[in-house]
Amino acid sequence: MKETLNIGITCYPSLGGSGVVATELGKLLAERGHQVHFITHSMPFRLSGYHKNIFYHEVEVPDYHVFKYPPYDLSLAAKMAQVAQMQKLDVLHVHYAIPHAVCAYLAKGMVEQPLKVVTTLHGTDITILTHDESMADLVRLGINASDAVTAVSNDLIRETVERLHITRPIDLTYNFVDKRVYYPRDCSRYRTDFAPCGEKILMHVSNFRPVKRIQDVVDVFYRVNEEVPSRLVFIGEGPEMSRTMARVRELGLEERVLFLGKQDEVAELLSVADVMLLPSEKESFGLVALEAMACGVPTVGSTAGGIPEVVTHGETGYLSPVGDVASMADDCIRLLTDPTLYARMSENCIHRARTAFCNDLIMRQYEDIYYRILGRERRPAELERVCTAE
Ligand code: GMT
């Protein structure tokens, strides 16, 4: 029996943590020799260029005049089934329950060969969408019809079980980071641009949705800058942008805040930060905290959702209750004014990112799940790589 698998992956291909995780996982699986087929409405943004063993299948949506709303979900399900048959997929791994898990369920019913479905829950599919009862029923269907379900933190597993009364097991698969991409870099050229007078740099990276509490980012920065000359660098764009700019103006911080907008590749920019701010209201994991951690940058943020599973309070950053900007500002000031504490924390960050959230480790957990649901033996041990802090 062949050892490598044919794996289909569906995700939201535009900017966003779930798309990043799905794409990076696909790349790692392809490096391992599996054939990976992305089935998405556009090319995932981290996938451009040629990658051995990776194939891209675009979902096209018919635009007949009879349709008031183009049936994207049905087109996706049909494409999934077509790719599954043509490419003899063993597994279809979908990221985000709505609509992907439900589309996979439809596709499974359309193909002749056995097709196993894995659904990975990323957070907002559970924490926000399921407030609507009819959506909750749909998510429950997608979850229960999958052959395996994974979630990116213990907190998200707990919330899924409680909110949807799910009784089936859910595997924990944390977000991961590739140390070949995320590592402390020399970024003196950015430092000169962002903080020309040698100020400290606080950074926030997100899609500027209300759950990110970006007003808190500005308010924390305001307090920090009163004590320690600093600059705030924002990366990303989204619905809260105008309100954020208004708050920056209101506090007279225009000269000290930089908006870089959407950036596809943040790995190079993260090392320039002294502190990453993540005061979210909801956060199933907080991939950006992990990416910063891998670059040696501690996070100061909230205790929301899965953040405490990523950031160890007092070891790799500091966490406070949601909305407690005074405490977050004090933590930043402490970090930025104590070089010994900062150096220790920065070391801890790199070590923890490279061990607990190493890409090989998490990729193998996903691989284990694929082999388990297929009832197959795992690949021989000599092929395994070990995660170390080196
Ligand atoms: O954070 C976002 O708004 C994007 C969202 C997504 O669906 O892409 O991110 C979610 O999935 C990421 C990858 O698993 C997690 O790291 C983020 O914490 C999670 N976001 C929320 O829970 C708000």
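The values are calculated or read from the model by the stated rules, or taken from the named source; none is laboratory data. As the structure is a prediction and not an experimental result, all values here were calculated from the model. Cβ: placed from backbone, ideal geometry, glycine included. Neighbour counts: every protein chain shown. Surface areas here come from the heavy atoms of the whole protein model, side chains and all, with no ligands, DNA or RNA. Shrake-Rupley method; radii C 1.70, N 1.55, O 1.52, S 1.80 Å.
Find the residue count for the range 25-67, including only residues that are free of Cβ contacts under 8 Å to residues at least 24 places away in the same chain and of a type in the set (Val, Ile, Thr). Number of matching residues: 3.
When residues in the range 107-141 are screened for being part of a helix (DSSP H, G or I), β-branched (Val, Ile, Thr) and more than 18 Å from Glu281 (Cβ to Cβ), 1 of them pass.
Would you check if there is a residue in the range 342-351 being within 16 Å of the ligand (Cβ to nearest atom), in contact (Cβ under 8 Å) with a residue 40 or more places away in the chain and surrounded by fewer than 24 Cβ atoms within 10 Å (Cβ to Cβ)? Scanning the range 342-351, I find no residue that is within 16 Å of the ligand (Cβ to nearest atom), in contact (Cβ under 8 Å) with a residue 40 or more places away in the chain and surrounded by fewer than 24 Cβ atoms within 10 Å (Cβ to Cβ), so the answer is no. When Glu315 is tested against (1) open to solvent by less than 10 Å² (accessible area, probe 1.4 Å); (2) more than 19 Å from Lys200 (Cβ to Cβ); (3) over 17 Å from the mean Cα position of the chain (by Cα), exactly one condition is not met: (1). Comparison of Ala107, Ala145 shows that the only residue that is closer than 23 Å to Gly26 by Cα, more than 16 Å from the ligand (Cβ to nearest atom), more than 22 Å from the chain's Cα centre (by Cα) and crowded, with 24+ Cβ neighbours inside 10 Å is Ala107. A single member of Arg354, Arg344, Arg376 is under 18 Å from the mean Cα position of the chain (by Cα) and basic (Lys, Arg), and it is Arg354. Number of residues in the range 148-190 that are part of a helix (DSSP H, G or I) and more than 14 Å from the ligand (Cβ to nearest atom): the value is 6. Filter the range 82-97 for residues that are over 25 Å from Phe45 (Cβ atoms) and surrounded by fewer than 23 Cβ atoms within 10 Å (Cβ to Cβ) and give the result. Residues satisfying the conditions are Gln85, Met86, Lys88.
Restricting attention to the range 8-63 and to residues that are touching a Lys or Arg at 6+ places or on another chain (Cβ under 7 Å) and within 14 Å of the ligand (Cβ to nearest atom), the residue that is most open to solvent (accessible area, probe 1.4 Å) turns out to be Leu15. Close contacts from the range 358-372, counting a first residue that is in the same structural domain as Pro114 (by TED's automatic domain parsing) and a second that is of a type in the set (Gly, Ala, Ser), with Cβ to Cβ under 6 Å and a gap of 6+ residues or different chains, come to Ile369/Ala148. Inclusion of Ser271 among residues that are polar (S, T, N, Q), buried (at least 16 other Cβ atoms within 10 Å of the Cβ) and within 16 Å of Val311 (Cα to Cα) is not warranted. Does Tyr318 count as under 28 Å from Ile126 (Cα atoms) and outside the structural domain of Val21 (by TED's automatic domain parsing)? Yes, satisfied. Scan (1) within 30 Å of Val152 (Cβ to Cβ); (2) loosely packed, with under 15 Cβ neighbours inside 10 Å; (3) not aliphatic (A, V, I, L, M) for the single condition Cys197 breaks and write down its number. Only one criterion in (1) within 30 Å of Val152 (Cβ to Cβ); (2) loosely packed, with under 15 Cβ neighbours inside 10 Å; (3) not aliphatic (A, V, I, L, M) is unmet by Cys197, namely (1). Could you check, for the range 304-311, whether at least one of its residues is touching a Lys or Arg at 6+ places or on another chain (Cβ under 8 Å) and either outside the structural domain of Met203 (by TED's automatic domain parsing) or more than 9 Å from the ligand (Cβ to nearest atom) (or both)? No: the range 304-311 contains no residue that is touching a Lys or Arg at 6+ places or on another chain (Cβ under 8 Å) and either outside the structural domain of Met203 (by TED's automatic domain parsing) or more than 9 Å from the ligand (Cβ to nearest atom) (or both).
Taking the range 110-142, which residues are of a type outside the set (Ser, Thr, Tyr), open to solvent by 10 Å² or more (accessible area, probe 1.4 Å) and within 16 Å of the ligand (Cβ to nearest atom)?
Of everything in the range 110-142, those that are of a type outside the set (Ser, Thr, Tyr), open to solvent by 10 Å² or more (accessible area, probe 1.4 Å) and within 16 Å of the ligand (Cβ to nearest atom) turn out to be His122, Ile128, Leu129, His131, Met135.
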